[in-house]
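Report on the structure given below.
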Amino acid sequence: MSHPHRSRRGSMAYSPRKRAASPIARIANWPDFDASSPPRLQGFAGYKAGMTHAIMVDSRPHSTTTGMEIQVPVTVLETPPMKIAGVRVYGRTAYGLQTLAEAWNDKLEKDLGRIITLPKEHSFEEDWKNLAGKAPQIEEVRAISHTQPSLVTGVPKKAVEIMEINIGGGTVEQRLEYVKTLLGRDVKVTDFAADGKVVDVAAVTKGKGFQGHVKRWGVKLLSHKNSKHRRMIGTLGPHNPSYVLPSVPQAGQMGYHQRTEFNKKILKIGESGDEITPKGGFLHYGIVRGNYVLIHGSIPGSVKRLVRLRDPVRAKPAKVEKPEITYISRESKQGA
């Protein structure tokens, strides 16, 4: 008698399940942009403060609750201004994108020296002249930006996080002129997105350490009559090939993996955290004081973790409509 078919336990799409190389999510692909639109930033970053719930009017056209008030879970990101420290350009080669040139601002933040060695002497004008001279070869223009955690009370750190943000829209020359105007300046999340915009969210998930077969892969417990243990797999595989296949569920690292969630809607962008901070502050985070973003649903990562936002790569073109929010819960989460 053959065994009934069932799908395998756990997905092999994310193998090997090892710890992320960095707590800063890496964005490998940036979406295409309309060359006829003006240049702009295609990404931003913030810190996860926690979750609450809101009541809003359902604007989905095919929903059974269209036009009615619904309760939705929301995630709060605190998004202090980011600083643009430099610009880097890439050219297309047979081996993919390769760096052509870069130019750094003359005056760099002192906290940036906590993670990189700041140049003692450099001429921005010479670097920019060299960079602009390679315009015919340039494929992508990216802003070298960094966060400013010192502006956030819920994240007890001074070391900044440095990352690249793609500049989309316009011609290469227009993108270069645009990013040049940003050098040394603070940019806000409103320079990237608006209420109702759909974005992709990338972050490193909660770390859960070394876990066994059952919790890590969801395999069934063995019979209570098993001679040794119940929370293990029944076999490591066939005799041939004479090695353990990578598809066999085994114990190991669980969590602290980079994950990207697509098409998450921004419900609201605000300037005062008093509007959404619960009584007593968010658990393990505290009070949101500055700019914030409300995202519909949950997102990867633990509280205080850096979360990166990006223009969507899979979203269908749609009109951006500002959601109608009637209530945001500020009830205390201390007893949750």
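The values are calculated or read from the model by the stated rules, or taken from the named source; none is laboratory data. In this text the structure is predicted, and so the values were computed from the model without any measurement. Here the Cβ is made from the backbone with ideal geometry for all residues, glycine too, and neighbour counts use every protein chain on show.
For residue 57, the criteria (1) surrounded by 14 or more Cβ atoms within 10 Å (Cβ to Cβ); (2) on the phi > 0 side of the Ramachandran plot hold in every case but one, which is (2).
Matching residues to (1) of a type in the set (Phe, Trp, Tyr); (2) under 24 Å from the mean Cα position of the chain (by Cα):
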residue: 236; (1), (2): no, no
residue: 262; (1), (2): yes, yes
residue: 316; (1), (2): no, yes
residue: 326; (1), (2): no, no
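Every listed requirement among (1) buried (at least 16 other Cβ atoms within 10 Å of the Cβ); (2) in contact (Cβ under 8 Å) with a residue 40 or more places away in the chain; (3) in contact with a helix residue (DSSP H, G or I) (Cβ under 9 Å, 6 or more places away or on another chain) is met by residue 172 save one, (2). Being outside the structural domain of residue 296 (by TED's automatic domain parsing) and over 19 Å from the mean Cα position of the chain (by Cα) is the requirement here; does residue 102 meet it? Yes: the conditions hold for residue 102. Out of 246, 300, 312, one residue alone is surrounded by 19 or more Cβ atoms within 10 Å (Cβ to Cβ) and either of a type in the set (S, T, N, Q) or not in a strand (DSSP E or B) (or both). It is 300.
Within the range 193-241, the set of residues being touching a residue at least 40 places away in the same chain (Cβ under 8 Å), in a loop (DSSP other than H, G, I, E, B) and at positive phi comprises 196, 218. Would it be correct to say that residue 157 is free of Cβ contacts under 8 Å to residues at least 24 places away in the same chain and either small (Gly, Ala, Ser) or within 30 Å of residue 206 (Cα to Cα) (or both)? Taking the combined requirement at face value, the residue satisfies it.
Reported count of residues in the range 60-84, each being surrounded by fewer than 16 Cβ atoms within 10 Å (Cβ to Cβ) and of a type in the set (Val, Ile, Thr), is 4. Determine, yes or no, whether residue 195 is closer than 20 Å to residue 300 by Cα and crowded, with 18+ Cβ neighbours inside 10 Å. The answer is no for residue 195. Among the residues of the range 169-191, just one is basic (Lys, Arg), out of contact with any Pro (no Cβ under 6 Å at 6 or more places or on another chain) and not in a helix (DSSP H, G or I), namely 185. Residue count for the range 34-49 under the criterion of being in a loop (DSSP other than H, G, I, E, B) and within 27 Å of residue 301 (Cβ to Cβ): the result is 1. For the range 112-127, filtering for residues that are in a helix (DSSP H, G or I) and either surrounded by fewer than 10 Cβ atoms within 10 Å (Cβ to Cβ) or modelled with pLDDT of 85 or more (or both) leaves 6. Of the residues screened, residue 87 is not one that is under 25 Å from the mean Cα position of the chain (by Cα), crowded, with 19+ Cβ neighbours inside 10 Å, in a strand (DSSP E or B) and in the same structural domain as residue 331 (by TED's automatic domain parsing).
Residue 111 falls short on exactly one of the conditions (1) in the same structural domain as residue 290 (by TED's automatic domain parsing); (2) charged (D, E, K, R); (3) touching a Pro at 6+ places or on another chain (Cβ under 9 Å), and that condition is (1). Residue-level check: of (1) assigned to a helix (DSSP H, G or I); (2) in contact (Cβ under 8 Å) with a residue 60 or more places away in the chain, residue 107 misses just (1).
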